[in-house]
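Engineer: The structure follows.
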Amino acid sequence: MKSTIKIGIIICDRYRTCAGGKCLRAMKNREGAFSIYSDVEVELVGYTSCDGCPGGNVEYAGEEMVKNGAQVIHLATGLVVGYPPCPYIETFSAFLEKKYGVKVVVGTHPIPKKYLEMHTHLGTWDTPAAQKMIAPLLSDAATREAYN
């Protein structure tokens with residue numbers, strides 16, 4: 001029997017009406033940032049938005065997710081691909097890890113083709129730090145197209 005890891009997902013408030021289809025598909029298929037769970041079962045214990053800049057819900061959501069057993073909190077791909085990308089990703093990660101002792105992963109589903117093309121054109125992700133952040137979310141061309 002495979003072990004189970006419990007996760008929470010925090011999405012960007014710009015996408016607060018998102019039904020989570022891409023994140024949930026990627027979780028089921030172990031694509032994008034969920035590829036790290038190839039040998040374990042994944043249980044979603046929380047899904048919410050940050051509540052808008054500067055992330056007023058991150059503190060409460062992190063606490064609630066950890067109370068529900070979250071061992072890992074994913075900051076959704078929407079925080080990375082939005083225009084502009086979330087300027088608080090590093091702050092959210094550091095806070096959640098320090099305050100709740102939980103692992104934080106940046107990203108959920110693979111970066112869709114249209115976002116990769118536009119951010120490449122804009123030069124958004126030209127820094128080494130940005131390249132490191134998006135690396136687990138790039139996938140192959142067919143997968144990026146499937147998430148468009």
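Engineer: What number of residues within region 81-123 satisfy the criterion of being of a type in the set (G, A, S) and closer than 17 Å to T48 by Cα?
Structural biologist: 3
Engineer: Taking the residues in region 109-148 that are open to solvent by less than 20 Å² (accessible area, probe 1.4 Å), among the aliphatic types (A, V, I, L, M) and out of contact with any Gly (no Cβ under 6 Å at 6 or more places or on another chain) as candidates, determine which candidate is nearest to G32 (Cα to Cα).
Structural biologist: I111
Engineer: Could you grab me the full set of residues in region 60-100 that are open to solvent by 50 Å² or more (accessible area, probe 1.4 Å) and either modelled with pLDDT under 95 or not in a helix (DSSP H, G or I) (or both)?
Structural biologist: N68, Q71, Y83, P84, P87, Y88
Engineer: A further question follows. Taking the residues in region 36-59 that are without any contact (Cβ under 8 Å) to a residue 60 or more places away in the chain and part of a helix (DSSP H, G or I) as candidates, determine which candidate is most open to solvent (accessible area, probe 1.4 Å). Reasoning before the result, please.
Structural biologist: Of region 36-59, the ones without any contact (Cβ under 8 Å) to a residue 60 or more places away in the chain are 37-59.
Still in the running and part of a helix (DSSP H, G or I): 37, 58-59.
Working: Y37: 9, V58: 5, E59: 101 Å².
The residue in question is E59.
Engineer: Can I ask one more? If a residue must be out of contact with any Lys or Arg (no Cβ under 8 Å at 6 or more places or on another chain) and closer than 21 Å to H74 by Cβ, how many such residues does region 90-128 contain?
Structural biologist: 21
Engineer: Okay, next question. If I go through region 101-143 residue by residue, how many of them are among the small types (G, A, S), in a helix (DSSP H, G or I) and under 23 Å from T91 (Cβ atoms)?
Structural biologist: The first filter runs over region 101-143 and keeps only residues among the small types (G, A, S), leaving 101, 107, 123, 129-130, 135, 139, 141-142.
Next cut, in a helix (DSSP H, G or I) only: 129-130, 135, 141-142.
Next cut, under 23 Å from T91 (Cβ atoms) only: 129-130, 135.
Total meeting the criteria: 3.
Engineer: Name, by its number, the condition in (1) open to solvent by 70 Å² or more (accessible area, probe 1.4 Å); (2) touching a Ser or Thr at 6+ places or on another chain (Cβ under 9 Å); (3) of a type outside the set (K, R) that does not hold for A33.
Structural biologist: (1)
The values are calculated or read from the model by the stated rules, or taken from the named source; none is laboratory data. All values reported here derive from a predicted model rather than from experimental measurement. We place every Cβ from the backbone using ideal geometry, glycine too, and count neighbours over all the protein chains shown. Note: accessible area is taken over every heavy atom of the protein model, side chains too, but ligands, DNA and RNA are not part of it. Shrake-Rupley method; radii C 1.70, N 1.55, O 1.52, S 1.80 Å.
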